[in-house]
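Participant: First the structure, which I've put down as structure tokens, then a few questions once you've had a look.
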Amino acid sequence: MDYLLKASACLVGFYGLYYLLLRPLTFHTWNRYYLLAALGLGLFIPLTTFESTQTVVLPPKSAPLPEVSSIGTLSPAETALKVPSSTSEKVPEALSWLEILSLMYLLGVLGMALRLLFSLWKVAYSSRQAQKAGTYWLVPTAGRLANSSFFHFIFLDKSLSGTERQWVLQHEQYHAKRRHSLDLLVLEVIKVVFWFNPVVWLYQKSLRDLHEYEVDALMIQQYDRQQYAHLLLNLALDKTPFSVHAFSQKPLTNRIYHLFKKPSPIMKKLLYFLALPLVAGGVLAFAQQRVKVEYQAAAPQPDVAVEAPKVPAYPLKVYNTNTNWRGIWSFTAKNLELNNLTILPAGANYNVNPNSLTLASIEEVNRKIKHTGVEIVVSDLAYNADGSTSQIGLSIRDHRIKKTTPPEVIPMNEARALGAKGAFINFDMFAVSRQKHGVYFEQGDSELEVVSSSRKLDEMQVPFKLNTPSVLAISQDYFQYRANPDQIRETIVPRANAFLEKEGFRLDLQKVQKQGDSLLVSCEVVVEDLQKGTLVRKAIQLDDHRKYLYFSKTGPVRWDDTFYVKINRATRDIQVLVDEQHTASTAKKFKVRSFSQLKNEK
């Protein structure tokens, strides 16, 4: 529907120029070609796509990753609560106005297509008596098709005299040589699609007229102008079928006027250049614009080994339950021993401290998960002088769907240093949702988890629950900071800001009101684009978003809203928002009260 409207607007614009300025000119061939070109451009411009490229420079993959504070303590995990979704009967919906219009449009297309087929059949049926005469087929006839032509089929009235027959035959041969029937046939096909647009019908009428003016101009070069005009009047006919050219079609006033009209000055051909601004305006207004974002890595830094605490490599441990996952996102001292492979029916998960990641350990993991049809692929290897890896690319290849994820290139010197603080590499390999495989570098502490990936944000699998740390996801296309109300603190936000400042953004808390030593009651979240100098502010009453969920047989459970800061790396657009959707849906079946409501109820 969008294409039909845009193409119609282009056709109207081009025809307007013809009707106002070009129609009075005697350059009939030029006008014909202008209308044909206008039709082509009007249909083509809305299909044109112009691609522009916007380059986003990513941090060098070998650049040191910003650090967060040292290893914290394990927070008590809270059991996730699953609320059954309600079911409701589907009620048939009434047709929307857009669906009604679409149905009417399709009926019009069907009607016009049948009309076109019927007209073609009628011409073919009338041509059964055709007789070969050189390169033409002559059809003796009477009625509406008399003295007309369709391509090389020429229909001649049986009652014509010798001179009249000669002139009419010459006239229709000119039509055939210039392929005028093809113009009208193309217009009929376009009318099938654009039957609702009256301008398309005007295109056809104007082309018919121009065809006659063009041939009449050729005829009066051979025959007397007065006698030819007299013949037109004598042989005046009713309207003929769609793509058939009648020798003398009513009304004849304009044709006879052009026979005696003085030719237009040659300089007036410059008026055709006025179509160029129309073409440019149509492209700017209706061509599709597509922005291609290219992510370009900054110049890599030389591989220099980073002095880090010595952490031994631990052997691979294999599990068939997911209990070993609990607590790793608190980045405790146990993360130093991470080299855990968990194999479940739903897929496999491999968490490894960079100090335990070796080519041999990857080969061992691949042997263990071979039956799943998935394997870890190594690429982009670089080495330090002592033979240890300074860089490694890690991908997941799924042999069942024959796809491989883009490589996650990790600077291993810096990764091992952060591994001494609990950072790890996480491999998600799924047996069901096979498109969601991913490799992530994760670092942080008990209050802030930072997940880095070269994948797009909506392709990342980032865990987030009430008592897990707040999360800063660094993806190919977005920065996203996500936290619950208790995690919006003056001690946590600056650590997330350390990562954002490297990309030219600043995250800050202002107008802070506290409850006790750490928890905030209210604040204003400020995100600034340091390059553009733009600010986004959002005032938040945190107690409105700290909530309890009540059950009949259990005590209250914390069920908070989620706070987001989302920054588009390409456009640098900033969003600051609070997601209340999950608590609102739960409140439809269970009692949910915010801290502010509980205070008021007391």
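The values are calculated or read from the model by the stated rules, or taken from the named source; none is laboratory data. Please read these numbers as outputs of a predicted model, since none were measured by experiment. No Cβ is skipped: glycine too gets one built from the backbone with ideal geometry, and neighbour counts run over all protein chains shown. Heavy atoms of the whole protein, side chains included, go into the accessibility calculation; ligands, DNA and RNA do not. Shrake-Rupley method; radii C 1.70, N 1.55, O 1.52, S 1.80 Å.
Participant: Take a quick pass over the range 459-601 and tell me how many lysine pairs come in under 19 angstrom between Cα atoms, counting only ones 8 or more apart or on separate chains.
Facilitator: Here the count comes out as 18.
Participant: Ratio of alpha-carbon Rg to the 2.2 N^0.38 Å globular estimate for the range 309-446, to two decimals, please. Could the numbers behind the result be given before it?
Facilitator: Details: Rg = 14.3 Å, N = 138, 2.2 N^0.38 = 14.3 Å.
The value comes to 1.00.
Participant: State log₁₀ I(q)/I(0) for the range 459-601 at q = 0.11, 0.13, 0.14 Å⁻¹ as given by the Debye formula over alpha-carbon point scatterers of equal weight, solvent excluded.
Facilitator: -0.44, -0.61, -0.70
Participant: Let me ask you something else. Going by amide H atoms built from the backbone, whose H comes under 5 Å of the H on ALA348, apart from near neighbours?
Facilitator: Here the answer is MET429, PHE430, ALA431, since their amide H atoms fall under 5 Å of that of ALA348.
Participant: Scan around GLU580 for amide H atoms under 5 Å from its own, H built in the peptide plane at 1.01 Å from N, and keep only partners 5 or more places away or cross-chain.
Facilitator: Sorted by chain and number, the residues that satisfy this come to none at all.
Participant: Just the number please: accessible area per residue for the range 444-602, 1.4 Å probe, all protein chains included, in Å².
Facilitator: Values: 7480 Å² over 159 residues.
Computed with neighbouring chains in place, this is 47 Å² per residue.
Participant: Sorted by packing (mean other beta-carbon atoms within 10 Å per residue), highest first, where do 161-167, 555-561 land? Spell out each step's value before the answer.
Facilitator: Details: 161-167: 12.9, 555-561: 16.4.
The most tightly packed comes first, giving 555-561, 161-167.
Participant: Among the listed pairs LYS6/LYS205; LYS132/LYS262; LYS317/LYS456, give every one whose C-alpha distance is greater than 29 Å. Each step should come with its number before you reach the end.
Facilitator: Values: LYS6/LYS205 22 Å; LYS132/LYS262 39 Å; LYS317/LYS456 31 Å.
Checking Cα-Cα distances, LYS132/LYS262; LYS317/LYS456 exceed 29 Å.
Participant: Amide H to amide H under 5 Å from VAL409: which residues, 5+ apart in sequence or cross-chain, H placed 1.01 Å off N in plane?
Facilitator: Answer set, sorted by chain and number: LEU394.
Participant: Explain nothing, just compute: Karplus ³J(HN,Hα) = 6.51 cos²θ - 1.76 cosθ + 1.60, θ = phi - 60°, for every residue of the range 421-430 in order, whole Hz, x for Gly and Pro.
Facilitator: Those phi angles translate into 9, x, 5, 8, 9, 10, 10, 9, 10, 9 Hz.
Participant: Continuing with this model, one more query. Roll a 1.4 angstrom probe over the protein heavy atoms and tell me the percent of accessible area of the range 459-601 that is carbon or sulfur. Before the final figure, lay out each step's value.
Facilitator: Values: 3080 of 6820 Å².
In the range 459-601, the share of accessible area belonging to carbon and sulfur is 45 percent.
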